[in-house]
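A.B. asks: Handing you this structure, nothing more for now.
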Amino acid sequence: MRQIFRGKNEDLRAESGDEASEDQADTTLDLTHVGPYEIIAPIGSGGMGTVYKAIDRSRDTTVAIKVLDRRYDLDKKRRKKDYLGREILIAATLNHPNIIRMSNQIVEQQDRNGNVRRCLIMEFIDGHNLRKYINDRELSMQQMVSFAIQLCQGLDFLHQHGIVHRDIKPENFLFSRDLTKVKIVDFGLSKSDSNWRSRFFREGGGTRRYMSPEQLAKRRLDSRSDIFSLGITLYELFTGRHPCNGPTANDIMRQMRDPRFKFDPPSKHNPAVPPQLDKVILKCLRRNPDKRYQTVTELLMDLNRVAESRI
């Protein structure tokens with residue numbers, strides 16, 4: 001799983017319309033190259049590391065490279081969890097049009113200060129995450145329903161392979177610039193139900209504003225937890241706002257867990273949302289997992305009915 005890069009590019013082809021000759025590396029970056037790839041610029045960052053755009057100029061190939069934050073190598077507890085290795089083990093063997101492609105090895109590369117950094121080479125998507133489209137409010141109802149179906153198709157594929165993503169949120173859905181590709185990304189917190197991974201199922205992590213009540217309570221999780229998180233994401237997609245309205249993060253967490261707080265139907269904030277879609281999203285958001293959709297397959301069936309009714 002962990003290898004020094006020797007020149008293979010794992011057939012991760014460019015998804016960008018940029019011309020390689022027009023890109024110039026940022027000389028202030030800690031890493032200038034990873035194997036044959038020249039680091040161009042950071043394109044995103046999170047709690048576990050930074051993702052860079054990189055180019056193999058000899059092959060005119062553009063990729064994204066995730067570089068794990070050094071804290072996860074220096075801290076023994078964090079290193080034991082091995083988020084990057086988990087991401088490879090879970091996602092590298094998956095092949096679905098709505099799931100990001102990545103290499104099957106960790107690349108170790110020295111940075112400018114002589115520190116060995118662990119890197120993961122991935123498919124490059126030349127667009128934005130879902131947050132941009134939630135904020136811009138420029139998508140038509142037909143586009144939003146279509147995107148919701150594609151997001152569900154990718155998540156359904158994960159669940160059918162025994163994987164709980166555990167960090168479903170708008171930032172982890174990536175779109176190509178022309179909106180023809182929709183990808184689920186970031187599997188560093190994902191869980192497989194295979195026996196050799198079962199010891200991780202109660203581990204902390206995730207993004208609190210999108211956690212299911214059972215995840216907030218640090219209970220054992222299954223795929224229905226992802227469905228709740230997806231429900232919040234869809235609520236934001238169709239309304240531009242979170243279903244909770246608490247003034248602080250703690251207030252929002254309480255509202256998410258408290259059955260006395262009733263989620264408004266999305267149509268209250270966006271009158272274009274049809275009643276059938278209100279029902280779909282609110283069913284995703286039922287606090288009792290037994291009363292939610294039990295599988296994304298069921299959710300997809302209802303979303304497809306919504307799409308057909310609007311044609």
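The values are calculated or read from the model by the stated rules, or taken from the named source; none is laboratory data. No experiment lies behind these values; they were computed from the predicted model shown. Every residue, glycine as well, gets a Cβ built from its backbone with ideal geometry; the counts of neighbours run over all protein chains shown.
A.B. asks: So which residues in the stretch 268-301 are of a type in the set (Ser, Thr, Tyr) and more than 13 Å from residue 234 (Cβ to Cβ), if there are any at all?
C.D. replies: Those that are of a type in the set (Ser, Thr, Tyr) and more than 13 Å from residue 234 (Cβ to Cβ): 295, 297.
A.B. asks: For the stretch 68-117, which residues satisfy the criterion of being closer than 30 Å to residue 149 by Cβ, modelled with pLDDT of 75 or more and of a type outside the set (A, V, I, L, M)?
C.D. replies: Matches in the stretch 68-117: 95, 96, 97, 98, 101, 103.
A.B. asks: Could we say that residue 297 is farther than 20 Å from residue 214 by Cα, modelled with pLDDT of 95 or more and surrounded by fewer than 14 Cβ atoms within 10 Å (Cβ to Cβ) here?
C.D. replies: Yes, satisfied.
A.B. asks: Going by the conditions given, is residue 306 farther than 24 Å from residue 162 by Cβ and under 24 Å from the mean Cα position of the chain (by Cα)?
C.D. replies: Spelling it out, it is not the case that residue 306 is farther than 24 Å from residue 162 by Cβ and under 24 Å from the mean Cα position of the chain (by Cα).
A.B. asks: I would also like to ask the following. Can you tell me how many residues within the stretch 105-128 are buried (at least 19 other Cβ atoms within 10 Å of the Cβ), in a strand (DSSP E or B) and not charged (D, E, K, R)?
C.D. replies: 7
A.B. asks: Anything in the stretch 264-299 that is part of a loop (DSSP other than H, G, I, E, B) and either closer than 30 Å to residue 161 by Cβ or not assigned by TED's automatic domain parsing to the domain that holds residue 162 (or both)? List them, or say none.
C.D. replies: Those that are part of a loop (DSSP other than H, G, I, E, B) and either closer than 30 Å to residue 161 by Cβ or not assigned by TED's automatic domain parsing to the domain that holds residue 162 (or both): 285, 286, 287, 288, 292, 293, 294, 295.
A.B. asks: With the requirement that a residue be of a type outside the set (Gly, Ala, Ser), in a helix (DSSP H, G or I) and touching a strand residue (DSSP E or B) at 6+ places or on another chain (Cβ under 8 Å), what does the stretch 133-183 give you?
C.D. replies: 133, 147, 150, 151, 155, 157, 158, 170, 171, 172 - these are the residues of the stretch 133-183 that are of a type outside the set (Gly, Ala, Ser), in a helix (DSSP H, G or I) and touching a strand residue (DSSP E or B) at 6+ places or on another chain (Cβ under 8 Å).
A.B. asks: So, in the stretch 264-298, how many residues would count as being hydroxyl-bearing (Ser, Thr, Tyr) and over 25 Å from the mean Cα position of the chain (by Cα)?
C.D. replies: 1
A.B. asks: Please verify whether the stretch 127-134 includes one or more residues that are under 24 Å from residue 95 (Cβ atoms), within 14 Å of the chain's Cα centre (by Cα) and charged (D, E, K, R).
C.D. replies: no
A.B. asks: So which pairs qualify, if the first residue must be in the stretch 31-47 and within 16 Å of residue 117 (Cα to Cα), the second must be part of a loop (DSSP other than H, G, I, E, B) and at pLDDT 85 or above, the Cβ gap must be under 6 Å, and the two must be at least 6 apart or on different chains?
C.D. replies: Correct list of pairs: 39/32.
A.B. asks: Take the stretch 140-166 and flag every residue that is more than 15 Å from residue 94 (Cα to Cα) and in contact (Cβ under 8 Å) with a residue 60 or more places away in the chain.
C.D. replies: Answer for the stretch 140-166, where residues must be more than 15 Å from residue 94 (Cα to Cα) and in contact (Cβ under 8 Å) with a residue 60 or more places away in the chain: 141, 142, 144, 145, 146, 147, 148, 149, 151, 152, 166.
A.B. asks: Moving on. Take the stretch 252-267 and flag every residue that is free of Cβ contacts under 8 Å to residues at least 12 places away in the same chain and over 18 Å from residue 218 (Cα atoms).
C.D. replies: If the condition is that a residue be free of Cβ contacts under 8 Å to residues at least 12 places away in the same chain and over 18 Å from residue 218 (Cα atoms), then 260, 262, 267 are the ones that fit.
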